[in-house]
Amino acid sequence: MEWKQPNLLASTSNKDWSWRFWLAVPLYPYSRRRTVRKEVIKDTLWTFDQLQGILYTVVPIRMSVVKLEKGGLLVYAPVAPTKECIRLVKELEAKHGVVKYIILPTASGLEHKVFVGPFARQFPLAQVFVTASQWSYPVNLPLSWLGFPRKRTAILPASSGDAPFGDEFSYEVLSINLGRGSFEEVALLHKKSRTLLVTDSVLSVPENPPEIVQLDPYPLLFHARNSAFDPISDTEANRRQGWQRISLFALYFSPSALETIGLLQAFRDAFKAPERSKKAYFGLFPFRWKADWKQSFQALRGGGRPLVAPILQTFIFNQAPRQVLDWADEVAKWHFLRIIPCHFDAPIEAGPHQFRQAFAFLEKNPIGEDLLASGRKPLPDEDLVFIRKLEENLTKKGITSPSKEKV
């Protein structure tokens, strides 16, 4: 079945999907953002998925909403407050009570922070909590300048027992001083449902493309091709292949199974490509995949078990390995049954042991009986070459700090 250009007239004029502040963080799909709401636990916990990416390398970005026992809702990591998104939240408000708390669980992540102010304005009774070491780049601006409601925004208390929602939730904050700013992450446990909410610290890569990515499968089909000469063909197999390659792109940038071709050859191929529309980047497709690329994907997937993204392994967590491991140890003391991260798959059916094993790469002897039993092996060195080289170059230029030794 050949890909047919969809009629986008209705969708591009559909104001329910419009996100007018997209230039603040100009990521695909820019001004059009669909929202998929899923009920994870009946009348208790919901996820709201949207899409973001670069050059059709698209992955989910996720907000979680939890019902409070005394009525009302808690929102973790807001997404773009489009009319569609707000309507879906207000449907929950009508049944379970108003949004009482909004949590920004990170400090530097613009793809999360940019939505909080506009989202909070839609729910005027909600109190906004943020981590202590907030910062912005290239200019460090006050949160009120970023749209956060001045009178309703507060620093998250150091102890979850001091938070107004502390009777229902526990949290641990990871704060790593990177010199030019801080990496922060709030791991939030909903005690009743035994669900752990995290932002970026761990994720799980699914075998098949998530529902939000399949609403418009063009990015999947674009990356499913092996060359510029392949047609855009919509099949289940191509959607799966495109997703798996997108996952390798998103998490490694340049995995070992990827080969780039010269720009001159890429332009020559573009003139002969069957799809040369603006949507297809005028036929440009400057790379190809090696025959064994699926092995890289399966190693990355690791059976769906929790994973620390390679960029965090290389750029962030190795700056303070003991601190990260201590934080992971504290989180692993909780008795949770599932993890909901802000990206890729959710929920991850995993408990404290599998969460903790995701951080074994920071230890001196990560290969041991516990790690092998968990099924999550270290990522292949050959797939990490590009990211490690990038980190080395940035360190030489003084942009990042030198990596610290493992503990």
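The values are calculated or read from the model by the stated rules, or taken from the named source; none is laboratory data. Note that this is a predicted model, so its numbers are computed, not measured. In this analysis, Cβ positions are derived from the backbone assuming ideal geometry, glycine residues included, and neighbour counts consider all displayed protein chains. Heavy atoms of the whole protein, side chains included, go into the accessibility calculation; ligands, DNA and RNA do not. Shrake-Rupley method; radii C 1.70, N 1.55, O 1.52, S 1.80 Å.
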task: Answer with yes or no whether Lys42 is more than 21 Å from the chain's Cα centre (by Cα) and at pLDDT 95 or above.
output: yes
- prompt: Just one of Ile246, Ile232 is touching a residue at least 40 places away in the same chain (Cβ under 8 Å), in contact with a strand residue (DSSP E or B) (Cβ under 7 Å, 6 or more places away or on another chain) and within 18 Å of Leu55 (Cβ to Cβ); which is it?
  reply: Ile246
- request: Would you be able to say whether some residue in the stretch 105-113 is in contact with a Ser or Thr (Cβ under 6 Å, 6 or more places away or on another chain), in a helix (DSSP H, G or I) and either open to solvent by less than 40 Å² (accessible area, probe 1.4 Å) or not hydrophobic (A, V, I, L, M, F, W, C) (or both)?
  value: yes
statement: Screening Leu125, Leu146, Leu141 for residues that are among the aliphatic types (A, V, I, L, M) and at pLDDT 90 or above leaves only Leu125
message: Tell me yes or no: at least one residue of the stretch 259-266 is open to solvent by 10 Å² or more (accessible area, probe 1.4 Å) and either at pLDDT 95 or above or closer than 30 Å to Gln323 by Cα (or both).
response: no
query: Quick one: which of Leu379, Leu371 is modelled with pLDDT of 90 or more and either of a type in the set (A, V, I, L, M, F, W, C) or not in a helix (DSSP H, G or I) (or both)?
result: Leu379
message: Residues that are within 19 Å of Trp22 (Cβ to Cβ), part of a helix (DSSP H, G or I) and either open to solvent by 10 Å² or more (accessible area, probe 1.4 Å) or at pLDDT below 95 (or both): does the stretch 70-83 have at least one?
response: yes
- prompt: Looking at (1) open to solvent by 10 Å² or more (accessible area, probe 1.4 Å); (2) closer than 30 Å to Leu174 by Cα; (3) assigned to a loop (DSSP other than H, G, I, E, B), can you tell me which one Ala250 breaks?
  reply: (3)
query: Can you name the residue in the stretch 272-323 that is among the hydrophobic types (A, V, I, L, M, F, W, C), in a helix (DSSP H, G or I) and within 22 Å of the chain's Cα centre (by Cα) and, of all such residues, is surrounded by the most Cβ atoms within 10 Å (Cβ to Cβ)?
result: Phe317
message: Condition first: open to solvent by 40 Å² or more (accessible area, probe 1.4 Å), touching a residue at least 24 places away in the same chain (Cβ under 8 Å) and either in contact with a strand residue (DSSP E or B) (Cβ under 8 Å, 6 or more places away or on another chain) or not in a helix (DSSP H, G or I) (or both). Can you find one or more residues in the stretch 198-210 that meet it?
response: yes
message: Given the criteria open to solvent by 10 Å² or more (accessible area, probe 1.4 Å), of a type outside the set (S, T, N, Q) and under 18 Å from Ser64 (Cβ atoms), does Leu189 qualify?
response: yes
- request: Return the residue satisfying two criteria in turn: it lies in the stretch 348-369 and is over 12 Å from Val202 (Cα atoms) and touching a residue at least 40 places away in the same chain (Cβ under 8 Å), and of such residues it is most open to solvent (accessible area, probe 1.4 Å).
  value: Lys364
message: List the residue pairs whose Cβ atoms are under 7 Å apart, where the first residue sits in the stretch 383-398 and is under 15 Å from Asn318 (Cα atoms), the second is open to solvent by 40 Å² or more (accessible area, probe 1.4 Å) and at pLDDT 80 or above, and the two are 6 or more positions apart or on different chains.
response: Ile387/Phe253; Ile387/Ile311
- prompt: Here is a list of conditions, (1) assigned to a helix (DSSP H, G or I); (2) more than 19 Å from the chain's Cα centre (by Cα); (3) touching a residue at least 40 places away in the same chain (Cβ under 8 Å), and Val213 meets all of them except one; can you say which number that is?
  reply: (2)
statement: Note: among Glu184, Glu172, just one is open to solvent by less than 10 Å² (accessible area, probe 1.4 Å), within 20 Å of the chain's Cα centre (by Cα), touching a residue at least 60 places away in the same chain (Cβ under 8 Å) and more than 28 Å from Trp243 (Cβ to Cβ), namely Glu184
task: Evaluate the following for Ala228: is it modelled with pLDDT of 90 or more, under 23 Å from Val205 (Cβ atoms) and of a type outside the set (Val, Ile, Thr)?
output: no
- line: Per the filter on the stretch 377-389, residues under 21 Å from the mean Cα position of the chain (by Cα) and not charged (D, E, K, R) are Pro378, Leu379, Leu384, Phe386, Ile387
